[in-house]
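The values are calculated or read from the model by the stated rules, or taken from the named source; none is laboratory data. Given the structure is predicted, the values throughout are model-derived calculations rather than measurements. Cβ placement follows ideal geometry from the backbone for every residue including glycine, while neighbour counts extend to all protein chains displayed. Accessible surface is based on the protein model in full, side chains and every heavy atom, while ligands, DNA and RNA are left aside. Shrake-Rupley method; radii C 1.70, N 1.55, O 1.52, S 1.80 Å.
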Amino acid sequence: MVPATTLVRVGTIWLTELTANGLTAAMLTALITLANQLETLIIDQKIKIADRDIIQEDRVEAGKAIYTSLVNFTNAGRNIWETNDVAKYNDYLIYNTESGEAETV
């Protein structure tokens, strides 16, 4: 595939010879304008993809911070109820399972 800039450069050089085939300076101007618009759109797309990746990382970091706070609170709750009330102590347990429930053996 020949880049549009190369087509315009060569078309401009040979414009007098190619005019007989229907090529005009306006066509070359329109082609370079479209090529510039396409390049701008491609760059914008790459920027939006990068922004999306950054937002995803921010969500992951926020989730990790929430989980860390949750673990700290549950550890405090377990420490408070460890010797006083077994039922309340169990309310502060975090199970390392997909459902969040105790593993069944």
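See the values below:
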quantity: Segment Asn79-Gln56, length gained on full extension (0.36 nm per residue, minus Cα span); calculated: 4.8 nm
quantity: Linear extension gain, Asp91 paired with Leu23, 0.36 nm per residue minus alpha-carbon span; calculated: 16.5 nm
quantity: Percent RCO, i.e. relative contact order, over the chain, from Cα pairs under 8 Å lying at least 6 residues apart; calculated: 15 percent
quantity: Loop sites in the chain: chymotrypsin sites (Phe, Trp or Tyr not before Pro), DSSP, at most 13 other Cβ within 10 Å; calculated: Trp14, Tyr95
quantity: Listed candidates (1) 97, 28, 14; (2) 57, 30, 23; (3) 57, 42, 29 - label of the one calculated as Cα extents along the principal axes in Å; calculated: (1)
quantity: Long-range Cα-Cα pairs in region 47-105 (distance over 19 Å), rounded percent; calculated: 51 percent
quantity: Nearest-10 value in Å² for the accessible area of Asp51, using the 1.4 Å probe; calculated: 80 Å²
quantity: Per-residue HN-Hα couplings for region 14-19 [Karplus 6.51, -1.76, 1.60; θ = phi - 60°; Hz; x = Gly/Pro]; calculated: 9, 4, 5, 6, 8, 4
quantity: At R0 = 25 Å, FRET efficiency that the Cβ-Cβ distance of Lys46 and Val10 yields, to 0.05; calculated: 0.30
quantity: Spatial separation of Cα centroids for region 47-105 and region 7-24, in angstrom; calculated: 68 Å
quantity: Share of carbon and sulfur in the accessible heavy-atom surface of the chain [1.4 Å probe, %]; calculated: 61 percent
